[in-house]
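What follows is a set of notes on a single structure, which appears directly below.
The values are calculated or read from the model by the stated rules, or taken from the named source; none is laboratory data. Since the model is a prediction, treat every value here as computed from it, not as a measurement. Cβ placement follows ideal geometry from the backbone for every residue including glycine, while neighbour counts extend to all protein chains displayed.
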Amino acid sequence: MSETNPFKIAQHQLDEAAAILGLDPATHALLREPLRQLIVSIPVRMDDGRVEVFQGYRVQYNDARGPCKGGLRWHPDETIDTVKALAAWMTWKTAVVDIPLGGGKGGVTCNPKELSPTEQERLARGYIRAVWKILGEETDVPAPDVMTGPQHMLWMLDEFEAIHGGHYPGFVTGKPLIFGGIAGRRTHQLLHRLVGGSA
């Protein structure tokens, strides 16, 4: 297949699997598209005083098996199609290993290497202010992914808790250990790097 659009590739993979499994047409059609997708504009005041607007995404591909779960990527080439594909693959992964979660994914089109720590914090908090209504422990739980890490998750958790006026440690995974993170996640990330995967 010569297609380079990642979501078209994911759909093609599903089509092949559906044919092998004899999947009924209605279920097949439902699984070919995300259940929900949100595209947001995130204004961020930069350190020099100007305002830059970033594009952000959150896709909840399917929540039939439980709350959506999936990472948040910051990358200059991030697109809604990349996020949709990764959310679809997350849906398949959780189902295949029988984890009671659905598939989700998020992203922001940016290059964090070009942003100061304070700009990254404003972007992380701005992302949550833009998408918080569809997130939560029982609906969709973000996690770190490409070019995001524990500090980003902590900023997002703090913003979410400020909006809700309460304590919601299960809102994100991948937090620093002192704030309820899990020690095994660091081992998982190192293992993935050793075998050539992404954390």
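One table, with the values for the structure above:
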item	result
Exclusive hit being more than 17 Å from the chain's Cα centre (by Cα), farther than 30 Å from Thr4 by Cα, of a type in the set (D, E, K, R) and buried (at least 17 other Cβ atoms within 10 Å of the Cβ), set Arg50, Arg45, Arg122	Arg122
Any hit, the stretch 105-124, residues being over 20 Å from Glu78 (Cβ atoms), at pLDDT 95 or above, touching a helix residue (DSSP H, G or I) at 6+ places or on another chain (Cβ under 7 Å) and not hydrophobic (A, V, I, L, M, F, W, C)	no
Flag for Glu3 being part of a loop (DSSP other than H, G, I, E, B), out of contact with any strand residue (DSSP E or B) (no Cβ under 6 Å at 6 or more places or on another chain) and either at pLDDT below 95 or within 17 Å of Val141 (Cβ to Cβ) (or both)	yes
Residues located in the stretch 95-124, provided they are of a type outside the set (S, T, N, Q), part of a helix (DSSP H, G or I) and under 22 Å from Thr82 (Cα atoms)	Ala95, Val96, Pro112, Lys113, Glu114, Leu123, Ala124
Filter result for the condition that a residue is among the charged types (D, E, K, R) and surrounded by fewer than 13 Cβ atoms within 10 Å (Cβ to Cβ), over Glu3, Glu33	Glu3
Enumeration of residues in the stretch 132-178 that are surrounded by 21 or more Cβ atoms within 10 Å (Cβ to Cβ), assigned to a helix (DSSP H, G or I), under 14 Å from the mean Cα position of the chain (by Cα) and not aromatic (Phe, Trp, Tyr)	His152, Met153, Met156
Output for the stretch 53-100, where each listed residue is free of Cβ contacts under 8 Å to residues at least 60 places away in the same chain and among the acidic types (Asp, Glu)	Asp77, Glu78, Asp98
Pairs where the first residue, in the stretch 2-21, is under 19 Å from Asn62 (Cβ atoms) and the second is loosely packed, with under 10 Cβ neighbours inside 10 Å and at pLDDT 95 or above, C-beta under 6 Å, 6+ apart	none
